[in-house]
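The values are calculated or read from the model by the stated rules, or taken from the named source; none is laboratory data. Bear in mind the structure is a predicted one, so any value in this text is a computation, not a measurement. Here Cβ is always computed from backbone atoms with ideal geometry, including for glycine, and neighbour counts include all displayed protein chains.
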Amino acid sequence: MEKEQDLQQQKNSDATNEPVANVEGQTGETPASENGSATLAPDAGPSPNEPQQRFLRLAADFANYKRRSENERADIADWARRDFALALLPILDDFGLMIEYETTHPERLAEGAKLIRQKMMDLLIRHGLEKIEALNQPYDYAAHEAVLSQPVQDVALDHIVLSVMQEGYRFKGKVLRPSKVIVGQASAGSASSSASTDSAAESAGGSANSADGSAVSDSSPAASETMEPN
């Protein structure tokens, strides 16, 4: 009987120890070494997705920088337009006064318009505007726009601006609007007539020189004959 009780107790103890071992295996805890220190897992190294993530972060930073730069440029442009609008307000006030003078002093209306135009021109010049001089100037393809060509008899007026239809302007040294002009164009007949005139003048000068030379040569024998009796 005692042997059977001992066998039964041994079976019960084995049955109670088995689940405990399984539970310890399921915890995932790092087994301790013999000296009691924990064993560390080896380093897995950098993630394969790390370059892509870094690229995405850099792209996001650049997009934010670009957006901030565009906003700053827009703010600067808005402030520049604000300053220009503020400078135009006195001219707007002058227009209002000119409209009031239309009923009380109509004779001074043209004078007021000229003064306002000059005032606006001075304002634009201070901001970098410059008028393009075109009248009686050689035609410039970069600053002039030929609207018409007018035949001229004088070859000196060929490709010369004869009239300005619309004024042109530069802004900060660059052409803002070209001048619309009428350009002189010498015809073939005028060019040939000018050439013939020049050749005729040259031939006339040559004949005059030859006549002077012959006159001198004719007078030389006479002078020698008068000197012989002496």
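Values computed for the structure shown
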read-out	value
Residues that are exposed (fewer than 11 other Cβ atoms within 10 Å of the Cβ) and over 22 Å from the mean Cα position of the chain (by Cα), drawn from the stretch 78-91	ALA85, LEU86, LEU89
The stretch 136-165 residues that are on the phi > 0 side of the Ramachandran plot, paired with ones that are surrounded by 14 or more Cβ atoms within 10 Å (Cβ to Cβ) (beta carbon under 6 Å, 6 or more apart)	HIS159/TYR139
Residue list for the stretch 118-171, filter: of a type in the set (A, V, I, L, M, F, W, C) and under 12 Å from ILE182 (Cβ atoms)	ALA134, LEU135, ALA146, VAL147, LEU148, VAL152, LEU157, ILE160, VAL161, LEU162, VAL164, MET165
Some residue of the stretch 59-80 being part of a helix (DSSP H, G or I), modelled with pLDDT under 85, farther than 30 Å from LEU123 by Cα and charged (D, E, K, R)	no
Where a residue in the stretch 98-111 is at pLDDT 75 or above and its partner, wherever it lies, is β-branched (Val, Ile, Thr), with Cβ under 9 Å and at least six apart	MET98/ILE116
Selected residue (criterion: farthest from VAL152 (Cα to Cα)) from residues of the stretch 168-189 that are of a type in the set (Lys, Arg) and free of Cβ contacts under 8 Å to residues at least 24 places away in the same chain	LYS174
